[in-house]
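Below you'll find the structure, written out as structure tokens, and then a few comments.
The values are calculated or read from the model by the stated rules, or taken from the named source; none is laboratory data. These numbers come from a predicted model, not from an experiment. Backbone-built Cβ (ideal geometry, glycine too); neighbour counts: all protein chains shown.
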């Protein structure tokens, strides 16, 4: 619990009780927000991935931690798809996925 008390004049006292609980709450809050943003990026990458067999589209994975997140795909041909090899996504995957994800995140 954070208590802010004003005294006469310019003195101010800040008392923090339960700092461990506060830090755990803040940590969960940040992690939850990062996880939500990571899910949006993963979703948009999946949507932007061309589909033939569906393997590349199904292979998107996200990893979330307190410092940030990673959205990755380890199919051997993902680099070629990113380079525009597929007629379904001639400009690649990441540009379109990032633009759409950023647009969605701004509206949160």
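Keeping to the stretch 80-105, report how many residues are outside any loop (DSSP other than H, G, I, E, B), closer than 25 Å to residue 35 by Cα and either free of Cβ contacts under 8 Å to residues at least 24 places away in the same chain or touching a strand residue (DSSP E or B) at 6+ places or on another chain (Cβ under 6 Å) (or both). Show your work before the answer.
Looking only at the stretch 80-105, we keep the residues that are outside any loop (DSSP other than H, G, I, E, B), and these are 80-82, 94-105.
Restricting the remaining residues to those that are closer than 25 Å to residue 35 by Cα gives 82, 94-105.
If we keep only those that are either free of Cβ contacts under 8 Å to residues at least 24 places away in the same chain or touching a strand residue (DSSP E or B) at 6+ places or on another chain (Cβ under 6 Å) (or both) as well, we get 82, 95, 99, 102-103.
Summing the residues that are outside any loop (DSSP other than H, G, I, E, B), closer than 25 Å to residue 35 by Cα and either free of Cβ contacts under 8 Å to residues at least 24 places away in the same chain or touching a strand residue (DSSP E or B) at 6+ places or on another chain (Cβ under 6 Å) (or both) in the stretch 80-105 gives 5.
So that you can scan it fast, the table gives a plain yes or no per residue for (1) part of a strand (DSSP E or B); (2) under 30 Å from residue 82 (Cα atoms); (3) at pLDDT 90 or above:
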position	(1), (2), (3)
20	no, no, no
24	no, no, no
28	no, no, no
31	no, yes, no
38	no, yes, yes
45	no, yes, yes
52	no, yes, yes
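Within the stretch 60-75, count every residue that is assigned to a loop (DSSP other than H, G, I, E, B) and either in contact with a strand residue (DSSP E or B) (Cβ under 9 Å, 6 or more places away or on another chain) or closer than 15 Å to residue 36 by Cβ (or both).
Taking the stretch 60-75 and keeping what is assigned to a loop (DSSP other than H, G, I, E, B), we get 60, 66-67, 73-75.
With the extra rule that they be either in contact with a strand residue (DSSP E or B) (Cβ under 9 Å, 6 or more places away or on another chain) or closer than 15 Å to residue 36 by Cβ (or both), the set shrinks to 60, 66, 73-74.
Total satisfying the criteria: 4.
For the stretch 47-59, state whether one or more residues are surrounded by 14 or more Cβ atoms within 10 Å (Cβ to Cβ), closer than 20 Å to residue 100 by Cα and in contact with a strand residue (DSSP E or B) (Cβ under 8 Å, 6 or more places away or on another chain).
There is no residue in the stretch 47-59 that is surrounded by 14 or more Cβ atoms within 10 Å (Cβ to Cβ), closer than 20 Å to residue 100 by Cα and in contact with a strand residue (DSSP E or B) (Cβ under 8 Å, 6 or more places away or on another chain).
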